[in-house]
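Data block below; observations after.
Nothing in this text is a laboratory measurement; each read-out follows from the coordinates by a stated rule. Small disclaimer: the values here were computed from a predicted structure and weren't measured. Here the Cβ positions follow ideal geometry from the backbone for every residue, glycine too, while neighbour counts run over all protein chains shown.
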Amino acid sequence: MKRILLIAFAFAALCATAQETTEQPVKKEKKKIELPNGDGFYNKDSTWKFGGFAGVTLTQVALYQWAPGGSNNFAFLITGNAYANYKKDKYIWDNSLDLKWGMVANGLIRKSSLAKQNLQKNIDIVALKSNFGYEVSKSLYVAAKLGFESQLTRSYDYSLTDTVDGRYRKFTVSKFAAPAILTIAPGLTWKPKDYFTLFFSPVGGKMTFVTPDHHMRDTTTTTINSKVAFTDNYYNDVDETRFGLKAGKWFMGELGAELDLLFQKEIVKNVSWKSHLNVFVTYMNKAYNTALPSYNETLDSVETVFISENTKFIPVVRWDNDIVLKVNKWLSATLSTRFVYQYNALVPIDKRNNKDGKKGADGISDRDKLGTPITGFNKLQIFEQFGVGLAFKF
C-alpha cells in the first residue's frame, strides 16, 4: 500500500512540474511612464512623449473712496499649451499647440455702457507648430518645419475714440485669419536634450493672409483738403497695412531665413519655464508695404507716411515666455510675457500735450516738442501679465 501511495505522489509531482514548464509567461501590460519633475509622460512603447499646461490667471484691484486716487482694475488670462513629440530610431516629430486669450478692465464695468468701453481684450494667440526630422549626426537632424499663427476673436483699437460731442466708437484691428501667418521651411534641427530644440532654415517661406473685407477707405465719400475721410467700413474691417501688406491686398509672400528656439523645462522644483524665440529675416518680398496710414486728429482723416523699402530686411522678432510657479495641485502663479518687433506694424502712441504735459487719447501719429512727426511704427511691442489662478499641468 505504501508503494502505491508513493508512486501516486511521484506521478502527481511529475505532472505538476511538466505543467509549469509548458505554461507560457504572462505578459505585463505597458502603462504610461511618468517623467520626473512633472515634465510630461511617455505612453506605451515610449516613442511618444506628451505634456502641457492649462490655467486661468486673475489679477484685481478695487478702490472705494481712496484718497490717493487710482482706478479699479480687473484682468484675466486663459493659457493653454500642449505638446506631442515622437522619437524612434533616427526619426523625430515634434508638435505643439499654444493658446492665449485675455481681457483687462480699467475702471468700472457694472453698467453695460461702461463695460463696453472699459473691458478690452489685451492678448489673443493661437499657434501651431510641427517639426519633422531625420538624424544625420548626434542630436543633429535634417528637418522640415510647418508653423501657423492667428487669433480666435476680434481685436479692437479704442485710441481714436471721439470725445468732442460724446460719440464713442472703436475700430477692428484683427480677427481670426486676419492676419494668419503660415511658415514652411526646410532646415536643420539641433536637439541635444528633450527640453531644448533649435531650428534654422537658410531659405524658408512665410505667407501672411488677411481675410478680405470691404476696402479700408471709401474714396467715393466726402474728402477734407484732399484727405480721405474715415467711414464706417474703417471701423468694421481689418486694415491690412498694419501687418505689412499693401492696401487692398489679402496675401503677402516672403522668402527668407528663420531661426526658431524652444526651451521647456521644470527649472527648479514646482517652477516651470517655457521660452519660444522666433526670428525671420526676409530676402525677397515684392508685396512689402511702404505706405503707412497716419491719422490726422484735427481733420479726422487718413494721411499717408512713406517709409524706405530697405526696412523690409529688418528682422521680425517674436519672443514668448511663460513661467508657472506651482503652489499645489490646482493653484499656481503665472508670469506671461511677449515681445514683438516688426518695423512696419502700427502700434498706438502715448500722446501728451507738449505745452501742459496732459495725456490725450492714444493714436498712431503725433508730433514731438520740436514739431517733428512721430508715427506708430518701428516700435517694440511688450505684453506682460502676472497673477494667481487655477492651473493644471500634465
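Modelled label positions at residue 211 and residue 325, each set 7 Å beyond Cα in the direction of Cβ, lie 4.0 nm from each other.
Spacing of the modelled spin labels on residue 317 and residue 66, each 7 Å from Cα toward Cβ, amounts to 3.5 nm.
Within the shell of other residues whose beta carbon sits under 11 angstrom from the beta carbon of residue 244, the net charge comes to +3, with Lys and Arg scored +1 and Asp and Glu -1.
What the Cβ-Cβ distance of residue 130 and residue 73 gives, at R0 = 45 Å and to the nearest 0.05, is a FRET efficiency of 0.70. Working from label points 7 Å from Cα in the Cα-to-Cβ sense, the residue 48 to residue 263 distance is 3.0 nm. Put in order of Cβ neighbour count within 10 Å, fewest first, the listed residues 254, 240 become 254, 240. Fewest-first ordering of 282, 79, 172 by other beta carbons within 10 Å of each residue's beta carbon gives 172, 282, 79.
Cross-link pairs exceeding 32 Å in C-alpha to C-alpha distance, out of 191/393; 138/326; 145/393; 286/379; 88/312; 193/312, comprise 138/326; 88/312; 193/312.
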